[in-house]
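Engineer: One structure, pasted below without further comment.
The values are calculated or read from the model by the stated rules, or taken from the named source; none is laboratory data. Note that the structure is predicted; figures quoted are calculated from it, not measured. Glycine also receives a Cβ, built like all others from the backbone with ideal geometry; neighbour counts cover every protein chain displayed.
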Amino acid sequence: MHSIDKLCIIGLGLIGGSIGLAARERRIARKVYGLVRRQSSIEEARRGKVVEVATMDPEEAVQDSDLVIIATPISSMERIATSIKPYLTCGTIVSDVASSKKQVVRKLEKIFHPGIRFVGAHPIAGSERQGMQAARAALFEGAPCILTPTHGTDKDAQKKIVKFWTALGCRVSIRSPREHDRIVAAISHLPHFLSASLVNAAVKALKGEKMVLDYAGSGFRDTTRVAASDAEMWVDIGMDNADEILHAIGVLEEQLAVLEKALKRGNRPAVRSLLSRARTIRRKFNSTPADG
């Protein structure tokens, strides 16, 4: 049943913790280790049975691992990759879960070459809740996962990463790092920053947060749900994928300009067309159980 002898997860937050829970529940790995930064995280991982062994020692965590998943904030990935490299066996597969790829893949491929087989990956699953306490084994069920191999990616390692994420419940697809970053800028990064901007705009328009908190209904709450996510994580994402996010903002501004023009001219058919087109596409999402 076990396709992996030892799996190591670096960072046991929402994504890393959910990987650990899912890998154990589905018996994907015989041993599941976790590398954490604090003693309290070791105790939390033990109580939640997120991994079998949680440690603050990088050598203990990654040594003899078949697969290492780096599930930390983007800003720390380069440092972590450098720190664990001396303890990895030649041929070990390393992957990640970063929400932006072009820069991450370039940096990590450079660190691990030659000898260690790196394959970039991004499971598009998540929640506004963060931390190990939010982890759940079913997080990846039906979620998209984009792998971002390059010309230097080991083909056997790529196949094993496809198998790994499929076993966790994901729908796996292959894209270049650049394609990935443009896709997630439009369907993940822009919506997050737009959500935060909507909250700030509502507070400014109503001259304070009291009116927003008192009267915001389910529509506003649903639209701005992800604005409650960890700010520091999204600063990392915004800085790392700035070019593609800016491109997506430009496209959004074009759409808002169309709406603004139609409203100013009292053009009901134009407003109806915009809303109807979006409604038709959005209703198709009901059969797509992705989150994040």
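Engineer: Pick out, from segment 1-103, the helices (runs of 4 or more DSSP H) lying fully within it that include 2 or more residues that are under 18 Å from Leu168 (Cα atoms) and not β-branched (Val, Ile, Thr). Break it down into steps so the answer makes sense when it comes.
Structural biologist: Working: elements: 14-25, 39-48, 58-62, 74-84.
Once the helices (runs of 4 or more DSSP H) in segment 1-103 are filtered for at least 2 residues that are under 18 Å from Leu168 (Cα atoms) and not β-branched (Val, Ile, Thr), what remains is 14-25.
Engineer: Hey, another quick one. I need the full set of residues from segment 39-59 which are within 24 Å of Thr82 (Cα to Cα) and in contact with a helix residue (DSSP H, G or I) (Cβ under 9 Å, 6 or more places away or on another chain), in order please. Please lay out each step first, then the result.
Structural biologist: From segment 39-59, those within 24 Å of Thr82 (Cα to Cα) are 39, 41-42, 51, 53-59; that's our starting set.
Selection gives Ser41, Val51, Val53, Ala54, Thr55, Met56, Pro58, Glu59.
One line per residue, one yes/no per condition, for (1) crowded, with 24+ Cβ neighbours inside 10 Å; (2) under 14 Å from Ile9 (Cα atoms); (3) touching a residue at least 60 places away in the same chain (Cβ under 8 Å):
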| residue | (1), (2), (3) |
| --- | --- |
| Arg37 | no, yes, no |
| Ser41 | no, yes, yes |
| Val51 | yes, yes, no |
| Ala61 | no, yes, no |
| Ser75 | no, no, yes |
| Ile116 | no, no, no |
| Ala125 | yes, no, yes |
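Engineer: Here's something else I'd like to know. Which members of segment 195-233 meet the condition of being touching a Ser or Thr at 6+ places or on another chain (Cβ under 9 Å) and closer than 16 Å to Leu246 by Cα?
Structural biologist: The answer is Ser195, Ala196.
Engineer: Does any residue of segment 94-112 turn out to be surrounded by fewer than 24 Cβ atoms within 10 Å (Cβ to Cβ) and at pLDDT below 95?
Structural biologist: There is no residue in segment 94-112 that is surrounded by fewer than 24 Cβ atoms within 10 Å (Cβ to Cβ) and at pLDDT below 95.
Engineer: Could you grab me the full set of residues in segment 132-177 that are in a helix (DSSP H, G or I) and either over 26 Å from Gly34 (Cβ atoms) or outside the structural domain of Arg38 (by TED's automatic domain parsing) (or both)? So that I can check it myself, show each step before the final result.
Structural biologist: Taking segment 132-177 and keeping what is in a helix (DSSP H, G or I), we get 132-134, 155-167, 177.
Within segment 132-177, Lys155, Pro177 meet the criteria.
Engineer: Related question: Would you call Leu190 over 23 Å from Tyr87 (Cβ atoms) and either at pLDDT 95 or above or in a strand (DSSP E or B) (or both)? Before the answer, list the steps.
Structural biologist: On the way: over 23 Å from Tyr87 (Cβ atoms): yes; either at pLDDT 95 or above or in a strand (DSSP E or B) (or both): yes.
So Leu190 fits the description; yes.
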